[in-house]
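Asker: Supplied in structure tokens, the structure appears directly below.
The values are calculated or read from the model by the stated rules, or taken from the named source; none is laboratory data. These figures come from a predicted structure and were not determined experimentally. Virtual Cβ from ideal backbone geometry, glycine too; neighbours counted across all protein chains shown. To get the accessible areas, we keep the full protein, side chains included, count just its heavy atoms, and leave off ligands, DNA and RNA. Shrake-Rupley method; radii C 1.70, N 1.55, O 1.52, S 1.80 Å.
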Amino acid sequence: TAAEYAYHMVQQTPKDEAVRQISKRYFVTRDQAAQDYQDFVERVETVMSRYRAGSDIDLLNRSRDTSFRPVPAELAEILELARSISLLSGGAYDVTVGPLVRLWGFDDETRRAEAPDGAAVAAARERVGFGKLELDPAGPRVRKLHPEVDVDLSSIAKGWGVDRVALALEAAGH
């Protein structure tokens, strides 16, 4: 399927080769495929990267405001998907796990040699839980019910992006 092909290309192939294969397979010019690819990656990064200062997710995470705030439609969509997965998994999947990830040193910014103490883990857990994030069903808005909730979409954003590419290709008849 188009989804499987796009997933394979994004996961297994260097960018230049992915662009070449996609342009060859879907009969668009190499330049157009490269530009479409770059535009899409840029949009996803601008909205969802916690490592890009000023991205929509970065602004949400840094804000301590607990009122509803508008977010791009893509962010609302992926947060709704994450909420559904969280509910289906009984909370085992949770994009608000950022404070624990950093506390344990599982990201590049906070590597650590020893385990954190129990008090630090308990304090971090106060800021974790998808129930501390509320999506507005009336529109693309979200609010944090705890001011220090931190959303990390790295576990879902790539798959979501591949799904969007596949839908676009299928809609175009490929």
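Asker: Applying the selection to segment 55-69, what residues are of a type in the set (G, A, S) and either in contact with an Asp or Glu (Cβ under 9 Å, 6 or more places away or on another chain) or open to solvent by less than 40 Å² (accessible area, probe 1.4 Å) (or both)? Talk me through it step by step, then tell me what you get.
Answerer: Kept after step one, since they are of a type in the set (G, A, S), are these residues of segment 55-69: 55, 63, 67.
Answer for segment 55-69, where residues must be of a type in the set (G, A, S) and either in contact with an Asp or Glu (Cβ under 9 Å, 6 or more places away or on another chain) or open to solvent by less than 40 Å² (accessible area, probe 1.4 Å) (or both): S55, S63.
Asker: Could we say that G139 is within 15 Å of G91 (Cα to Cα) and open to solvent by less than 60 Å² (accessible area, probe 1.4 Å) here?
Answerer: On the way: within 15 Å of G91 (Cα to Cα): no; open to solvent by less than 60 Å² (accessible area, probe 1.4 Å): yes.
No, not satisfied.
Asker: Based on what the data block shows, is G118 within 20 Å of D56 (Cα to Cα), of a type in the set (G, A, S) and without any contact (Cβ under 8 Å) to a residue 60 or more places away in the chain?
Answerer: Numbers: within 20 Å of D56 (Cα to Cα): no; of a type in the set (G, A, S): yes; without any contact (Cβ under 8 Å) to a residue 60 or more places away in the chain: yes.
So G118 fails the test.
Asker: Just the residues that are open to solvent by 50 Å² or more (accessible area, probe 1.4 Å) and assigned to a loop (DSSP other than H, G, I, E, B), please, taken from segment 98-125. Reasoning before the result, please.
Answerer: So in segment 98-125, the residues open to solvent by 50 Å² or more (accessible area, probe 1.4 Å) come out as 102, 104, 106, 108-109, 111-115, 117-119, 122-123, 125.
Correct list: F106, D108, E109, R111, R112, A113, E114, A115, D117.
Asker: Report, ordered by the first and then the second residue, all pairs with beta carbons closer than 8 Å, sequence separation of six or more or different chains, a first member in segment 122-136 that is among the β-branched types (V, I, T), and a second member that is in a loop (DSSP other than H, G, I, E, B) and open to solvent by less than 60 Å² (accessible area, probe 1.4 Å).
Answerer: V128/D94; V128/T96; V128/V97; V128/V149
Asker: Can you find a residue that is among the acidic types (D, E) and open to solvent by 50 Å² or more (accessible area, probe 1.4 Å) anywhere in segment 145-164? Give the steps one after another, and end with the answer.
Answerer: Initial filter on segment 145-164 (among the acidic types (D, E)): 148, 150, 152, 163.
Going one step further and asking which of them are open to solvent by 50 Å² or more (accessible area, probe 1.4 Å), we end up with 148, 163.
Looking through segment 145-164, at least one residue is among the acidic types (D, E) and open to solvent by 50 Å² or more (accessible area, probe 1.4 Å).
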